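Reviewing the structure listed below.
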Amino acid sequence: MTFRVSFLLAAALLLFLLQGFAALLAALLGPAGASAGPAPGAVALVPLLAVAAAVCAPALPLERWLERGNALVLTARTAALAGAGLVLLPGTARLAAAALAAGAGGLYLTMAVGLVERRALAGAAAAALLTNQLLAALGMGWEAALRPVPAPAQLLLAAGALALTAARRFPPEPTDPATPTLERRAGGLRLRGAVAFGAILFLEHAVLGRTHVAAALTGLAPWAVGALLLAVGAAGVVMLLTSEAPARSRSAVVLLAGAALAGALTPHWIAGWPGALAVAAGHGAALLLLARALNPASGRRQGWTTVGGLLVFAALAATHAATAGPAPGLALGPALDPATGAGNHAGAVWAVAVGGLVLALSMLILPAER
């Protein structure tokens, strides 16, 4: 696939991964679970287990039975169909689609690292976070499936991802490690990078990429905060697509990780535009760190590394939602609604701090860029 097709396809699939996890967390932890599927409890844990199985189990056999490019196409089509199921299927079936979307999206990421250019993958991850933010702000994300009319934007994205897989010409198995447009073919996503990736997803999910959350914490109008975050996010996507690695040096990585942590924490204590600008700076820093997290490692890496990163994301998001203080207007369930973000985010500030520290430590122990 060309660079442009790889970028667009990965962006759509990582968006479905994010939405799949959000739907599962909403069913497991939030009041939206009453509409999204079975009531929170032991039965609702099945989709989360299915995510781990969907990512971990097929990784090895798919690469052994199928040529890697064909395996990427298969997982891409699965994730796209599951993304459509997020808005077309009712109740429990939607939870199954959510688990499949998250699992197939994670498996695609696992196999794409080392084969698809890192610029395309990092830019796609940032674009997925940006699109997720925009759809949520416009009311056209997967949450719109809880209404009678399916979200047309979601169906268009799924149809577009399926259309992109028609161009199923991945690069042949290279023998020359210096082959242009390819990362190190034998490489894959290292566990430290996957953990950092999961921590970035959490910080974006909790504060940095959530317009309504940042607006509630800072006391500003959602449209103003949203415009600021979208502008910073768009600039981050451009930088990732035009630079091999915006943060190569150890000092730059430490600075960006610190900015991401500070941006997620500052609005809990400082309102107004100073808090909003801190969120925007943290948002941009987190996006730029995606290129560092997705740096492929030499040697084979299997799907368990992606599982590790996604489980870090799920654990941090669940802790953030379940440990917040009492939230006005929510009589039942935890203090935070993972679908809409409603609730008392200030009560879960320590979970945000833990997520930022996980990101900083993961980045510090990643090997230096070559």
Starting from 0.36 nm per residue, how many nanometres of slack lie between Trp350 and Ala315 once their C-alpha separation is accounted for? 11.2 nm
Once you have the Cα-Cα distance between Thr2 and Ala252, take 0.36 nm times their residue separation minus that, and quote the gain in nm to one decimal. 87.0 nm
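Sort Arg77, Arg190 from largest to smallest accessible area, using a 1.4 Å probe on the heavy atoms of the protein chains. If you can, show how the numbers build up before the last one.
On the way: Arg77 90, Arg190 30 Å².
Result, largest first: Arg77, Arg190.
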Highest average packing first - 95-106, 356-367, Cβ atoms within 10 Å: 95-106, 356-367
With a Förster distance of 22 angstrom and the Cβ-Cβ distance between Ala224 and Leu138, calculated FRET efficiency to the nearest 0.05 equals 0.90
The set of residues whose placed amide H lies less than 5 Å from the amide H of Gly219, leaving out same-chain residues fewer than 5 positions away, is Gly272
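The values are calculated or read from the model by the stated rules, or taken from the named source; none is laboratory data. Computed from a prediction, not measured in an experiment: that's the story for all the values here. Heads up, the Cβs are rebuilt from the backbone with ideal geometry, glycines too, and the neighbour counts pull from every protein chain shown. Note: areas computed on protein heavy atoms with side chains; ligands, DNA, RNA excluded. Shrake-Rupley method; radii C 1.70, N 1.55, O 1.52, S 1.80 Å.
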